[in-house]
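> Below you'll find the structure I mean.
The values are calculated or read from the model by the stated rules, or taken from the named source; none is laboratory data. No experiment lies behind these values; they were computed from the predicted model shown. A quick note on method: Cβ atoms are made from the backbone with ideal geometry, for glycine too, and the neighbour counts reach across all protein chains shown. Calculation scope for accessible area: heavy atoms of the full protein, side chains included, ligands and nucleic acids excluded. Shrake-Rupley method; radii C 1.70, N 1.55, O 1.52, S 1.80 Å.
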Amino acid sequence: MLKDQLRGLKSLAGPFDKFDVDNAPEDPTQLFEEWLIGAIKSRIPEAHAMTLSTVDAHGRPDARILILKNIDADGWHFASTKLSAKEHQVAMQPQAALTFYWQPLGRQVRLRGRVIELSREVAGADFLARPIGSRAGALLARQSQVLDNDEALETGLAEQRRRIEADPSIVAPAWAVYAVKPEEIEFWQADEERRHIRLRYRRMTDSVSWVRERLWP
Ligand SMILES: Cc1cc2nc3c(=O)[nH]c(=O)nc-3n(C[C@H](O)[C@H](O)[C@H](O)COP(=O)(O)O)c2cc1C
């Protein structure tokens with residue numbers, strides 16, 4: 001039975017590195033970058049993949065996986081097509097959560113914060129760095145709409161490829177880069193004995209410094 005199969009699966013088996021929480025940096029961005037680089041060096045597939053959670057007009061949560069594009073003073077960047085479900089959701093309620101999980105390291109990071117759209121220059125540079133197939137898809141600007149037949153997709157993509165071949169500098173007006181500026185970031189390190197270590201950073205009202213708090217596992 002599925003229930004028994006699920007019970008038989010191992011989770012958080014380890015062994016894992018210890019999280020030296022007492023020497024965690026004051027700035028969570030620094031710690032995040034250490035963990036992300038650790039995940040990349042450990043050759044974790046798609047270490048830059050994250051779950052973006054948003055809410056719709058009725059307060060119903062929605063979530064999907066995206067690629068982390070950058071981190072800077074604006075926050076954690078992601079890129080997508082406007083007119084998609086996520087774009088409608090952040091336009092209406094500019095709050096989001098990001099979740100990372102690096103399974104072989106037993107590490108999870110959770111962020112919550114405000115979403116802003118970045119400049120057309122940032123969006124243009126991101127768009128032009130993408131492979132031609134991805135650019136063609138974004139030029140179509142139909143993400144998350146109902147697809148009636150595959151032929152319409154193939155014809156649409158071929159048409160957009162021709163546009164790109166004719167003008168390689170073309171940028172999809174619907175392409176956008178957003179940043180989530182965290183108010184809260186939690187670092188979670190698994191422990192085989194279930195004494196998981198949780199460290200939460202909360203941004204203080206001066207918006208520069210952070211409070212660090214341990215959480216019960
Ligand atoms: C590993 C992975 C990476 C993805 N990266 C992106 C991305 O960077 N941008 C994007 O718009 N969709 C990306 N997607 C597709 C999204 O999960 C999602 O299907 C799409 O953005 C439509 O979401 P929405 O209907 O909620 O707007 C990715 C999916 C996976 C599995």
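> Take the alpha carbon gyration tensor of the stretch 1-116, find the square roots of its eigenvalues, order them as a ≥ b ≥ c, and report rounded if a/c is under 1.5; if not, report prolate when a/b exceeds b/c, else oblate.
Working: a/c = 2.13, a/b = 1.24, b/c = 1.72.
Oblate is the answer for the stretch 1-116, as a/c is 1.5 or above yet b/c matches or exceeds a/b.
> What is the diffusion coefficient of the chain in µm²/s, taking the Kirkwood radius over Cα pairs and the Stokes-Einstein relation at 25 °C with a viscosity of 0.890 mPa s? Show your work: numbers first, answer last.
Numbers: Rh = 19.5 Å.
Answer from the Stokes-Einstein relation: 126 µm²/s.
> Only Lys, Arg, Asp and Glu count, each charged at its Cβ (+1, +1, -1, -1), so figure out the dipole size of the chain about its Cα centre, rounded to 20 debye.
Working: 31 positive and 32 negative charges, 90 e Å.
Using Cβ point charges on Lys, Arg, Asp and Glu, the chain gives about 440 debye.
> So with the 1.4 Å probe, I'd like the accessible area per residue for the stretch 124-217, rounded to whole Å². Write out the running numbers ahead of the final one.
On the way: 5650 Å² over 94 residues.
Result: 60 Å² per residue.
> Leaving out ligands, DNA and RNA, and with a 1.4 Å probe, what % of the accessible surface on the chain is carbon or sulfur? Before the final figure, lay out the partial values.
Values: 6780 of 13200 Å².
Carbon with sulfur: 51 percent of the solvent-accessible area.
> Could you compute Rg(Cα) / (2.2 N^0.38 Å) for the stretch 88-200, with N its residue count?
Working: Rg = 19.3 Å, N = 113, 2.2 N^0.38 = 13.3 Å.
Its radius of gyration relative to the 2.2 N^0.38 Å reference: 1.46.
> Something else now. What's the longest piece of the chain with no exposed GluC sites (Glu not before Pro), counting a site as exposed if DSSP puts it in a loop and it has at most 11 other beta carbons within 10 Å? Can you show the working numbers first?
On the way: sites that count: Glu26, Glu46, Glu193.
Within the chain, the longest run free of exposed GluC sites (Glu not before Pro) spans 47-192.
> Could the peptides 68-76, 107-115, 166-174 be put in order, highest first, of the mean number of other beta-carbon atoms found within 10 Å of their residues?
Numbers: 68-76: 16.7, 107-115: 19.3, 166-174: 13.4.
Highest to lowest by the protection proxy: 107-115, 68-76, 166-174.
> On to the next question. Whole angstrom only: what separates the Cα centroid of the stretch 53-98 from the Cα centroid of the stretch 1-38?
So the two Cα centres are separated by 24 Å.
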